[in-house]
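Q: Next up is a structure, given as structure tokens.
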Amino acid sequence: MIIMARKRKEIVLPEKGMSRDKILDMMDEIQDQGDVKWKQGRAFGYVYHADDEHYEFLKKAHNKFFSENALSPLAFPSLKKFEAEVVSMAVDLLGGDRRCFGSMTSGGTESNMMALKTYREWAKDKHPEIIEPEVVMPVTAHPSLNKAAHYFGIKAVMVPIGSDFRADVKKMEAAITDNTIAMVGSAIEYSRGIVDPIPELAAIAKERGIGFHTDSCLGGYMLPFLRELGHDIPDFDLSVPGVTSISADLHKYGFTAKGASTILY
């Protein structure tokens, strides 16, 4: 049995490397020791598995491009084409129009970070008098938004939720100050699967002249299709007046390989 090292000092670069086959065998053994058996339905929220046929297709597609570098669209125009087409389809799916644009990111955390960075840069340009910018969001907002606020020097104003576990519209509005540059709502919120009252919140943001970000990393590539199936899905996307950005993860219910997400404006 392989004993997994717990102390960093116990792991050193070996004088002689192992064979490729031995490395692969070791990886299999370590994986079998404790990793969750997601193919057996033993995981929630970490792996989004469509079926085995699609899983094999993803591996083949990934292997075709795992060495290419999207840093240079001149060197790899294929990747630029793929991203442009994905963003265009995402804009159409999530209620955008020809004015909208966006990019792919490595995951929901980066997408949410790019949203808050965008609002910070917008505020620097349009409201240079704001020295200590703030973003208003419910306490149920994903932790990546707190991380983004910390990284970019924005104060995260956390607002208590209502009895229905959704963002409390009145409390959110009351939390807005002269330093507020944006508000945030979730669709879907991770812990309870609810959708915040996005139209009401976005209307307040529009009236106050600030941005509104819908964090739809979990629901972005699921809710539109549930609506097509006849389910009553609240409005949440770029079609809602006042919504100025939305994040949606492809590697969740878009069923792509990790890590892939979209941020749209």
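The values are calculated or read from the model by the stated rules, or taken from the named source; none is laboratory data. For clarity, every value in this text was computed on a predicted model and none was experimentally measured. A quick note on method: Cβ atoms are made from the backbone with ideal geometry, for glycine too, and the neighbour counts reach across all protein chains shown.
Conditions (1) crowded, with 23+ Cβ neighbours inside 10 Å; (2) not in a loop (DSSP other than H, G, I, E, B); (3) not polar (S, T, N, Q), marked per residue:
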{"site": "Ile204", "(1), (2), (3)": "no, yes, yes"}
{"site": "Leu226", "(1), (2), (3)": "no, yes, yes"}
{"site": "Asp235", "(1), (2), (3)": "no, no, yes"}
{"site": "Ser239", "(1), (2), (3)": "no, no, no"}
{"site": "Gly242", "(1), (2), (3)": "no, no, yes"}
{"site": "Ser247", "(1), (2), (3)": "yes, yes, no"}
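Q: Okay, next question. Hey, any hits in the stretch 158-180 for a residue that's β-branched (Val, Ile, Thr), out of contact with any helix residue (DSSP H, G or I) (no Cβ under 9 Å at 6 or more places or on another chain) and at pLDDT 95 or above?
A: yes
Q: Checking Asp28 against (1) over 20 Å from the mean Cα position of the chain (by Cα); (2) under 30 Å from Gly193 (Cα atoms), which single condition isn't satisfied?
A: (2)
Q: Of all residues in the stretch 216-265 being of a type in the set (D, E, K, R) and under 15 Å from the mean Cα position of the chain (by Cα), which is nearest to Phe57 (Cα to Cα)?
A: Lys258
Q: Residues in the stretch 60-74 that are surrounded by 11 or more Cβ atoms within 10 Å (Cβ to Cβ) and without any contact (Cβ under 8 Å) to a residue 60 or more places away in the chain: how many?
A: Selection size over the stretch 60-74: 5.
Q: Scan the stretch 88-106 for residues that are among the aliphatic types (A, V, I, L, M) and either surrounded by fewer than 13 Cβ atoms within 10 Å (Cβ to Cβ) or touching a Phe, Trp or Tyr at 6+ places or on another chain (Cβ under 7 Å) (or both) and report the count.
A: Residues meeting the conditions: 1.
Q: Which pairs turn up if I take residues in the stretch 160-177 that are surrounded by 12 or more Cβ atoms within 10 Å (Cβ to Cβ) and look for partners that are basic (Lys, Arg) with beta carbon separation below 7 Å, at least 6 apart in sequence or on another chain?
A: Sorted first by the residue in the stretch 160-177, then by its partner, the pairs are Pro160/Lys171; Phe165/Arg192; Ile176/Arg208.
Q: Shifting gears a bit: Within the stretch 34-51, work out how many residues are in contact (Cβ under 8 Å) with a residue 24 or more places away in the chain and either touching a helix residue (DSSP H, G or I) at 6+ places or on another chain (Cβ under 6 Å) or within 16 Å of Ser191 (Cα to Cα) (or both).
A: Selection size over the stretch 34-51: 1.
Q: Related question: Taking the condition of a type in the set (A, V, I, L, M) and either in a helix (DSSP H, G or I) or closer than 30 Å to Lys170 by Cβ (or both), does Ala70 pass?
A: For Ala70, the condition - of a type in the set (A, V, I, L, M) and either in a helix (DSSP H, G or I) or closer than 30 Å to Lys170 by Cβ (or both) - is not met.
Q: Mind checking which residues of the stretch 171-227 are of a type in the set (D, E, K, R), under 19 Å from Pro143 (Cβ atoms) and touching a strand residue (DSSP E or B) at 6+ places or on another chain (Cβ under 9 Å)?
A: Passing the criteria: Glu189, Asp196, Asp215.
Q: Picking from Thr109, Thr118, which residue would you name as being crowded, with 18+ Cβ neighbours inside 10 Å, among the hydroxyl-bearing types (Ser, Thr, Tyr), within 27 Å of Gly259 (Cα to Cα) and in contact with a Phe, Trp or Tyr (Cβ under 9 Å, 6 or more places away or on another chain)?
A: Thr118
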